[in-house]
1. For region 453-463, check the following and say yes or no: at least one residue is within 30 Å of the chain's Cα centre (by Cα), surrounded by 14 or more Cβ atoms within 10 Å (Cβ to Cβ) and in a loop (DSSP other than H, G, I, E, B).
2. Mind listing just one residue for me: the one in region 384-425 that is among the small types (Gly, Ala, Ser) and in contact with a helix residue (DSSP H, G or I) (Cβ under 8 Å, 6 or more places away or on another chain) and, of those, nearest to Phe351 (Cα to Cα)?
3. Quick one: Asp130 ticks every box in (1) surrounded by fewer than 24 Cβ atoms within 10 Å (Cβ to Cβ); (2) part of a loop (DSSP other than H, G, I, E, B) except a single one, so which number is it?
4. Within region 551-567, can one find any residue that is buried (at least 19 other Cβ atoms within 10 Å of the Cβ), charged (D, E, K, R), touching a residue at least 40 places away in the same chain (Cβ under 8 Å) and out of contact with any helix residue (DSSP H, G or I) (no Cβ under 8 Å at 6 or more places or on another chain)?
5. I'm checking my understanding of the structure. Among residues of region 586-613 that are more than 24 Å from the chain's Cα centre (by Cα) and not in a strand (DSSP E or B), which one is surrounded by the most Cβ atoms within 10 Å (Cβ to Cβ)?
6. Quick one: how many residues across region 664-682 are in contact with a Pro (Cβ under 7 Å, 6 or more places away or on another chain), in contact (Cβ under 8 Å) with a residue 40 or more places away in the chain and not in a strand (DSSP E or B)?
7. So how many residues does region 73-102 have that are of a type in the set (Lys, Arg) and closer than 15 Å to Val146 by Cβ?
8. On the given criteria, is Lys337 among the charged types (D, E, K, R) and more than 25 Å from Lys128 (Cβ to Cβ)?
Amino acid sequence: MKTNLGIRPKSLWLTFGNNRCVYVLAMLFFLFFSKNLDAQEGIVEKIEDSILHINLDEVVLISSRKALGHQKQTKPLSSLDEYLESAQKVNMVKRGAYAWEPTLNNMFSERLSVTIDGMRIFGACTDKMDPITSYVDVSNLSKAHVVSGQQGAEHGTTIGGAMDLELHKSNFANTGLKGSLESGFETNNELRIVGAALDYSSDKFYVDGDIIYRKAENYFDGKGNEVGFSQYGKYNFSANGGYKVNDGNKLTATLIFDEARDVGYSALPMDVSLARALITSVGFEQDKLGTFSDWKSKLYFNKVTHVMDDSKRPDVPIRMDMPGWSDTYGFLSQLKKITDKHNFLLKWDGFYNKSLAEMTMYPNNPNESPMFMLTWPDVRTLNTGFYAQDQIDFKGSSLKLSTRIAIQNNKVADELGLNSLRIFYSDLEQSQNHFLKSVSAQYHKHLEPFHINLGISYGDRAPSVSEGYGFFLFNSFDNYDYIGNPGLKNEKSFEGNAKISLQRAKFKTSLEGNIFHISDYIIGEVDPMLSAMTIGAEGVKVYSGLKYADLVNVSWDMEYSILPELKWSGTVSYHRGTDNDHRNLPFISPVAYRSGLTYKKETFSGTMTMKGAGKQTNFNGAFGEDQTQAYTVFSLTFGKTFYLSNDWVYAKVGLENIFDEYYSTYTDWNNIPRMGQNFFLSLSYSIN
């Protein structure tokens, strides 16, 4: 499908008129030279940088309800997608302007474990238009833990790694009542953002609440063309609290409600009229349990509803409605034990998920009856697992051993869906079991001035609902219908990783790499004997297990403090993926790079960043890929904090894609172009 493009209307450019750059510079000048209201100088929080010696993970600071927290953020009110894209190993698959799908180590969500405060959540869209990250917002999150490979097995069965999104909590900080108001505006797509938060914390209980609303129109690419069907609107509300039963026991609860409507997907043939999620949990924490400590348990439930429709598309061969539902019930319980040389973590978790999706097709001839089928035939997934970890400390070195064992049962609950699949798999049983395993060893050695990390691991995963039970799922990227294969074997991954780091007072650098050898690699293969259901599709692909596939990722990053206030950082990465027939795997990044200068002094901060990638040469046309061109994009931001007695106001302005570069990345579905030049302004007012 080709991207819907139009001509940029004059009204948008008249936002600044012919002197729009003068206006931007005037705003930057104002922020830079403004005097501090009721000046409070020297209030700078110093956080020491450190190398995470055992875990090859990354912590992405998402949101902070502190002035200094905002100073660390390039764009405080940006979407969660933009925050995650800043992580070194993460890229985002873009099908529109909203709800990008995160990938880690060049692997999609099927091979990842994505959790919110440890809770498993599953999208309700067969086309992946609602990744888990789309149902939370930066307003209710504090950070994201991104963990590579089997080191992410703590959060669930995985191949590529895990992302755990940590909610903001006051945690009995005894800070009393605090509140904040936030607003933002972006010129390219006329994005409006309004939000508020209210927190109360004492040494006995705390309650945190926030709400945020986002509304955007179509955006414009670097050539000034309007990218049709890229609008969206959403609001998000969250509340969480805790109560101390006594000094060593606490009760906690969480509620998140997220709803998006009228969401356009430029790169897809359908849009979304509704995407809604209700996420809840109750928990119990106990400081001591015999010789163990930090016992944390949680029960949770989440319900996701997603409705695809094409009613606003001008020309469709046949109109369709495609709603989907995903309900998940889960639990987790973990505790720790620390001795002189050992640091144990034990965790028991499980979930029960119901995934149902359907499609109704309405013929243009009103005398013909609508056609109905189940695309996810009410698949019930029951998974329970046990995770154990021990970090052993030696003199000048340490070793972390971990393992996960899980049992998963999949059952097709709908009789119509089961019989539909039996058209292709006559001996298909209603229920199937998978035994899942993971083992990992990570070794760290400190050889002054270097830190050396080495690791090996094994893990496997069961097929996803789409891979196992999907029924004529249309993929607009390669223009094929996909059918699941319930007989697929577990996908198995052998992983090796290494990292060498050097840190000095003003300079630090690290070279890191990993390799994944994945047997029974699950991917769609053409079945010439089957006919497509979707009008215009080239054929049908059935999910199959390749003999093996290899993925390699290497990155080198550096950071140098030019002055106490001025810091430079840079990263370059290389990626490669091939199967057993030496075919290129789809969605593998070309050489990518980023560099930036950051200035922070007292209440002022500024950044200049550059990011880009080389030409994608190792692509595979059989999967719908073509060659993406090299690009380089520059951005500039300035921020300042103004203190008003105990309150503060934080303002930040920025100009993204300064030179209006027209470009598409390798993860942009059907080459949908990225946003062109964009000016943003955000204001945050905090009441302490």
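The values are calculated or read from the model by the stated rules, or taken from the named source; none is laboratory data. What you are looking at is a predicted structure, and each value in this text was computed from that prediction instead of being measured. Counting neighbours? That spans all protein chains shown, and the Cβs are built from the backbone with ideal geometry, glycine included.
1. In the first step, residues of region 453-463 are kept if they are within 30 Å of the chain's Cα centre (by Cα); the result is 453-463.
This time we only want the ones that are surrounded by 14 or more Cβ atoms within 10 Å (Cβ to Cβ), so: 453-463.
So of that shortlist, the ones also in a loop (DSSP other than H, G, I, E, B) come out as 462-463.
Yes, region 453-463 has at least one match.
2. Within region 384-425, the first condition is being among the small types (Gly, Ala, Ser), and the residues that meet it are 385, 388, 396-398, 402, 406, 413, 417, 420.
Filter again for in contact with a helix residue (DSSP H, G or I) (Cβ under 8 Å, 6 or more places away or on another chain), leaving 402, 417.
Numbers: Ser402: 21, Gly417: 23 Å.
Only one residue tops the list, namely Ser402.
3. With (1) surrounded by fewer than 24 Cβ atoms within 10 Å (Cβ to Cβ); (2) part of a loop (DSSP other than H, G, I, E, B) applied to Asp130, the lone miss is (1).
4. No: zero hits.
5. Thr603
6. 1
7. The first filter runs over region 73-102 and keeps only residues of a type in the set (Lys, Arg), leaving 75, 89, 94-95.
Pick out the ones that are also closer than 15 Å to Val146 by Cβ and you get 89.
Adding up the residues that qualify gives 1.
8. Working: among the charged types (D, E, K, R): yes; more than 25 Å from Lys128 (Cβ to Cβ): yes.
Criteria met by Lys337.
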